[in-house]
Amino acid sequence: MTKPLNGQWPYPRWIAHRGAGKLAPENTLAAFRVGAALGWRMFECDVKLSLDGVPFLLHDDTLTRTSNAQQALGAGLSAVAGEHPWGTLALLDAGSWHSPAFSGEPLPTFEAIARYCLNNNFFLNIEIKPTPGTEYHTGQAVASHAARLWHGADVPPLLTSFDVPALEGALQAQPNLPRGLLLDRLWMGWLETALRLGCVAVVCDHTLWDAASVTQAHSAGLKTLSYTVNDEPAAQRLLALGVDGIISDRVDFFPAATTTVG
């Protein structure tokens, strides 16, 4: 069984976006290794399901931007990642689009990333990224896999999503896992929705946080996280506001702070 947070916030303030930001192909094991080599201890990644239900890392709905799918799959075949079985996805090159040094880097399974984090005592923020139409099921499945992989661990992963049904699925499947609501705007009812979903955090576009919204979230007992913060003035503004987490691509620029926030 995964251990609930019980009011504690064990995560570092600084979180490496998609493994290592822009320094390596996003959402790959290579990216996690680059981020770790620079001293980062918490990582964010995107997880979705293959056609046959294998959780794996990919941000986009389609494979086009970050793999050689167009060449490997051939013309006329779907570029939607969730429409292919894992056996097909596992053969793709997810590194050469970034740079020749990463040629041949595969798409990783969620299990492989989980094992890497657990073996090295790293923290993980899992963004649930469903293929459209599979939101609730993907939330259930990702949460169930996370609970299995982190069974008995001292610190569980943080599950986040823009998709309310995905968070509802995660809540139904594994209520003990901490959840966060992702927002690209402060739509009406965002705070009430986060509380209804039993979230422990709200994760906003960093420009949305100001003194009023941070106070509103903190007063409701929610932690405040920000994406994607890539320059010093933005980071300093957020720190002055008292935000609890900063997700950044600039793993080569910001210090990989190891202290947690309470």
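List the residue pairs whose Cβ atoms are under 8 Å apart, where the first residue sits in region 119-137 and is surrounded by fewer than 18 Cβ atoms within 10 Å (Cβ to Cβ), the second is assigned to a loop (DSSP other than H, G, I, E, B) and modelled with pLDDT of 95 or more, and the two are 6 or more positions apart or on different chains.
Close Cβ pairs (under 8 Å, with a partner that is assigned to a loop (DSSP other than H, G, I, E, B) and modelled with pLDDT of 95 or more) amount to Asn121/Arg41; Pro132/Asp61; His137/Pro130.
Residues that are within 16 Å of Arg18 (Cα to Cα) and either in a helix (DSSP H, G or I) or at pLDDT below 95 (or both): does region 117-136 have at least one?
The answer is yes, given that some residue of region 117-136 is within 16 Å of Arg18 (Cα to Cα) and either in a helix (DSSP H, G or I) or at pLDDT below 95 (or both).
Output the residues belonging to region 202-227 that are under 20 Å from Ala16 (Cβ atoms) and part of a helix (DSSP H, G or I).
Of everything in region 202-227, just one residue is under 20 Å from Ala16 (Cβ atoms) and part of a helix (DSSP H, G or I), namely His206.
Residues checked against (1) surrounded by fewer than 20 Cβ atoms within 10 Å (Cβ to Cβ); (2) closer than 27 Å to Pro25 by Cβ; (3) in contact with a Cys (Cβ under 6 Å, 6 or more places away or on another chain):
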position: Val164; (1), (2), (3): yes, no, no
position: Asn176; (1), (2), (3): yes, no, no
position: Leu186; (1), (2), (3): yes, no, no
position: Ala201; (1), (2), (3): no, no, no
position: Trp209; (1), (2), (3): no, no, no
position: Ala212; (1), (2), (3): yes, no, no
position: Lys223; (1), (2), (3): no, no, no
position: Ala234; (1), (2), (3): yes, yes, no
position: Ser248; (1), (2), (3): no, yes, no
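For Gly35, only one of the following conditions fails: (1) within 25 Å of Leu171 (Cα to Cα); (2) outside any strand (DSSP E or B). What is its number?
That leaves (1) as the condition not met.
Any residue at all in region 14-25 that is surrounded by fewer than 22 Cβ atoms within 10 Å (Cβ to Cβ) and either β-branched (Val, Ile, Thr) or within 15 Å of the chain's Cα centre (by Cα) (or both)?
Step one: list which residues in region 14-25 are surrounded by fewer than 22 Cβ atoms within 10 Å (Cβ to Cβ), which gives 22-23.
Still in the list and also either β-branched (Val, Ile, Thr) or within 15 Å of the chain's Cα centre (by Cα) (or both): none.
The answer is no, given that none of the residues of region 14-25 is surrounded by fewer than 22 Cβ atoms within 10 Å (Cβ to Cβ) and either β-branched (Val, Ile, Thr) or within 15 Å of the chain's Cα centre (by Cα) (or both).
Of all residues in region 147-162, count the ones that are surrounded by fewer than 20 Cβ atoms within 10 Å (Cβ to Cβ), without any contact (Cβ under 8 Å) to a residue 40 or more places away in the chain and out of contact with any strand residue (DSSP E or B) (no Cβ under 6 Å at 6 or more places or on another chain).
1
The values are calculated or read from the model by the stated rules, or taken from the named source; none is laboratory data. All values derive from a computational prediction rather than experimental measurement. In this analysis, Cβ positions are derived from the backbone assuming ideal geometry, glycine residues included, and neighbour counts consider all displayed protein chains.
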